[in-house]
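Here the structure is laid out as structure tokens; the discussion comes afterwards.
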Number of protein chains: 2
Amino acid sequence: MVKAAERAKNPARSSVWLEKRATRSGGGPAGLDRDRIVAAAVRMLDEEGLAKLSMRKLATELGVTAMSLYWYVDTKDDIIEFAMDSVYGEFDLAAVDAARDWRDRMRVLAREYRKMLVRHPWMSPSAGQYLNIGPNAIAVGHKIHETVAETGLPLERRPSATSAVFQFVYGYGTIESRFGRRAAEAGMSQDEFYVDSVNAFRNDPEFTGRAEVLGEILDERTSHGNLSEIWDRDFVYALDVLIAGIEVMVAREAEGA
Amino acid sequence: MVKAAERAKNPARSSVWLEKRATRSGGGPAGLDRDRIVAAAVRMLDEEGLAKLSMRKLATELGVTAMSLYWYVDTKDDIIEFAMDSVYGEFDLAAVDAARDWRDRMRVLAREYRKMLVRHPWMSPSAGQYLNIGPNAIAVGHKIHETVAETGLPLERRPSATSAVFQFVYGYGTIESRFGRRAAEAGMSQDEFYVDSVNAFRNDPEFTGRAEVLGEILDERTSHGNLSEIWDRDFVYALDVLIAGIEVMVAREAEGA
DNA sequence: GAAACTCCTTGTACGGTGTACGAGGCCGGG
DNA sequence: CCCGGCCTCGTACACCGTACAAGGAGTTTC
């Protein structure tokens, strides 16, 4: 049992996954259990967001006091790390294998990644804060590296290509999910919220003469389908840009060699 | 003066920049001032990180009590929003204009963006949480859109291309800066910390048979220069991938039309 | 000179947080 | 019967953001 106080002394090792601990599972009177705790945490995180999750509320949800949770977990952060890995488990890796070639495999991976981020808006901020080396996350990472290897890029170029593609997906999914969350908080549909935001922006005196280019684009978009179609269209196209880029680089490496 | 409690009722409008307030500036005995507060906040954020910044500590740093800050600012979040925009002011937009063509302009923008994220590791998590529509941020966004317009992509494709490039930069800078911060916290150089992490990972029983592909890459990298060179090399190459991708798409749009 | 008014700073207090610590309750085995 | 795990809980601490009201300092007005 590693206390939070001791953990703080060595932040480099600060991941649940780096200290093998027996998972304590619950023949206790409350029927508690690490899996049950994590599942409840995921549910609450999805509904209320990262900021609203507190140990006391999570415990109440489970019909227990806050301190009970600490029998199964060292720290609140641990719960979030477990929750993240459980969400990584939602990746449909079989669909990746079923795809025709590396291009489609990459598209499927990107699609799954994006879906995950949008479904669980707390993932983006959390992913930035933890090491993310749970079994499910590693399985996904493994599949990503396999797929990138198939492109034909030489070993030393693959990390770049991986970054280009999946950092993009991460960023895109982050923006998209944050937008969805804000709309929900404002009690509007995404489309209503979008129109609203654009107007607020346009009426801002600061806008005048400072972002006409952006204005053109805003106009163009409000006239084409609903927002979720736009999200999809932009995402697919950006992915095509990335894939086209990789193809070019593969060809260049081939002729350069 | 908008109280935090009232602000919470309408989260959609929750940005300092969306409510024009006279900036209260300080003939007071403490010589306080919004600029001084924001500058001190940036310094503390750089040194101690987002989590460690508290109103009481920031106030102490300025020789004042916590509540004094609330004369100049409604909320702690406001301070962070101001701090972010002040950091966006570090962008060297003149260097962008000085570049030869859109490719180089894009490279300069990406470089400046990355530099900003690495210099201020608290920016990445914060950028995800606020609207980011201060004057400096808008100026940068404006320049980005101008540059993307020069690629020759049609209007409706530009948001995709913008995402592809700058979400990548955001993700890359985020990872890089987080890595630097972790190394610093562990009291090591980045290179030491990298070797250390790789070893910890490799000795993990979970690793065996699960991430050989990753293992190859790790080997390749530890044998090529120091980490900061690798960061640079990977970044430049990924950017080339993106630029190549955009060129291909521009050509396709041209022949398709 | 006194009073009034504005600008700024402060002390105190409230409701929240994560979690350390120690006291117990339940339970199976000796 | 008692003992030693396993599990849960109550209490307490230090810290957080910030509401509220009191007050000091400086300037303006009579």
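Below are the figures for this structure:
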quantity	calculated
Amide proton proximity set for B:ASP33, modelled H, under 5 Å, gap of 5+	none
Calculated from backbone phi, Karplus (6.51, -1.76, 1.60) coupling profile of segment B:159-173 in Hz, x at Gly/Pro	x, 4, 4, 4, 4, 3, 6, 8, 5, 4, 4, 4, x, 5, x
Accessible carbon and sulfur surface of chain A relative to its total accessible area, %, 1.4 Å	52
Accessible heavy-atom area order of A:TRP231, A:TRP122, highest first, probe of 1.4 Å	A:TRP231, A:TRP122
Average projected area [Cα convex hull, chain B], square nanometres	18.8
Residues of segment B:177-191 buried by at least 10 Å² on assembly (accessible area, 1.4 Å probe, chain alone as reference)	B:ARG178, B:ARG182, B:GLU185, B:ALA186
A versus B: buried accessible surface, summed, Å² (probe 1.4 Å, to nearest 100)	6000
Area of B:HIS145 that stays accessible when all protein chains are in place (1.4 Å probe, Å², to 10)	40
Helix-only [θ]222 nm of chain A, DSSP H runs n ≥ 4, -39500 (n - 2.57) each, per residue, nearest 500	-21500 deg cm²/dmol
Vicinal HN-Hα couplings computed from phi for segment A:217-230 (Karplus, 6.51 cos²θ - 1.76 cosθ + 1.60; Hz; Gly/Pro x)	5, 4, 4, 4, 7, 5, 9, 10, x, 8, 4, 5, 5, 5
Entries of A:LYS52/A:LYS76; B:LYS52/B:LYS76; A:LYS3/B:LYS57 with Cα pairs more than 20 Å apart	A:LYS3/B:LYS57
Label geometry 7 Å along the beta-carbon vector: A:GLU61 inter-copy distances in nm	3.4
Nearest-ten-degree value, helix A:34-48 long axis tilted from longest Cα axis of chain A	50
Coil-residue trypsin sites (Lys or Arg not before Pro) of segment B:70-164, DSSP, other Cβ within 10 Å capped at 15	B:ARG100
Prolate/oblate/rounded label for the protein assembly as shown (Cα gyration tensor, a/c 1.5)	rounded
Extension gain from B:VAL195 to B:SER228, taking 0.36 nm per residue of separation minus the Cα-Cα distance	10.5 nm
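The values are calculated or read from the model by the stated rules, or taken from the named source; none is laboratory data. Remember, it's a predicted structure, so these values are computed and weren't measured experimentally. Positions of Cβ are generated from backbone atoms using ideal geometry, with glycine treated the same way; all protein chains shown enter the neighbour counts. Keep in mind that these areas ignore ligands, DNA and RNA; they rest on the heavy atoms of the full protein, side chains included. Shrake-Rupley method; radii C 1.70, N 1.55, O 1.52, S 1.80 Å.
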